[in-house]
Amino acid sequence: MSAIASSKDAITQAKTRMEKAVEDFRKEMASLRTGRAHVSLLDHIRVDYHGTPMPLNQLGTLAVPEPAMIVISPWDPGAVALIDKAIRTSDLGLNPSSDGKVVRVPIPSLTEERRKEIVKQLHKVRENHLTAVRNIRRDVKEGVEKLEKEKKISEDERKRSVDEIEKLTHQETKKIEELTAAKEKEILEVK
């Protein structure tokens, strides 16, 4: 965190950092399985390619030819077995198949029990990001209070800044809650 020079700077910094936390939450949420195929499902998978862990999307083209199937066409046919192994050992519970040229990843429909596990995982991710937003609030609030102690801002300005930071925190936590509710509905929806 960079030093806070003014109350306006504090609010700008808080807004930027909280928006990043919400965006990170969106990305992490996209990797949760919903029973529907989408390439972002495989975003966090790393393939040990020539001793270097590489993101799957840097080893080939990912496509969704049908609602329950992801097809990976590696640029190097030698990577097929490595990609297959990386997907199998991931925590997604997927069972890919390959023909030596492409890797097909069927997305099985989720059982009720698995849906509940994924919702628990979603809530854990949500809680981590809500904590991140609250930590940002605390850091920025401390910075504003330090400015007041150093007599760089008045007590009224500190109060206004703290109120603004509280409003911002409320807005961003509300966004996270709304995204969670929508994703939970999508996960629990039986197709």
Set Lys and Arg Cβ to +1 and Asp and Glu Cβ to -1, take the dipole of the chain about its Cα centre, and tell me which of Ile118, Ala14, Thr89 lies farthest positive. Ala14
Any chance you could give the angle, 0 to 90 degrees and rounded to 10, that helix 7-30 forms with the longest Cα principal axis of the chain? 20 degrees
Per the helix-only calculation at 222 nm, which mean residue ellipticity applies to the chain, given -39500 (n - 2.57) for every DSSP H run of n ≥ 4 and division by its residues, nearest 500 deg cm²/dmol? -19500 deg cm²/dmol
0 to 90° range, to nearest 10: angle between helix 155-188 axis and the chain longest Cα axis: 20 degrees
Computed label-point distance, nm, for sites Ser31 and Glu142 using a 7 Å Cα→Cβ extension: 2.8 nm
Suppose R0 equals 25 Å; then what is the FRET efficiency for His50 and Glu23 from their Cβ-Cβ distance, rounded to the nearest 0.05? 0.20
May I ask you to compute the full-extension gain from Lys167 to Ser73, defined as 0.36 nm times their residue separation minus their alpha-carbon distance, rounded to one decimal in nm? 29.1 nm
Which pairs in the list Lys15/Lys120; Lys27/Lys167; Lys8/Lys152; Lys15/Lys175; Lys27/Lys120 are over 19 Å apart, alpha-carbon to alpha-carbon? Lys15/Lys120; Lys27/Lys167
Kirkwood Rh and Cα-based Rg: tell me the resulting Rg over Rh for the stretch 39-106, rounded to two decimals. 0.91
Explain nothing, just the number: relative contact order of the stretch 39-106, from Cα pairs under 8 Å at least 6 residues apart, as a whole percent. 28 percent
Using DSSP to call loops (not H, G, I, E or B), can you name the chymotrypsin sites (Phe, Trp or Tyr not before Pro) in the stretch 1-79 whose Cβ has at most 10 other Cβ atoms within 10 angstrom? Trp75
Please work out the FRET efficiency for the pair Arg134 and Glu66, using the Cβ-Cβ distance as r and a Förster radius of 30 Å; give the result to the nearest 0.05. 0.10
Between Ser154 and Thr16, what FRET efficiency follows from the Cβ-Cβ distance if R0 is 22 Å, with the result rounded to 0.05? 0.35
Cα long-axis angle, helix 112-149 against the chain (0 to 90 degrees, to the nearest 10): 30 degrees
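All of the numbers you see were taken from the coordinates with simple rules; none came from a lab. None of these values were measured; they are calculated from a predicted model. Here the Cβ is made from the backbone with ideal geometry for all residues, glycine too, and neighbour counts use every protein chain on show.
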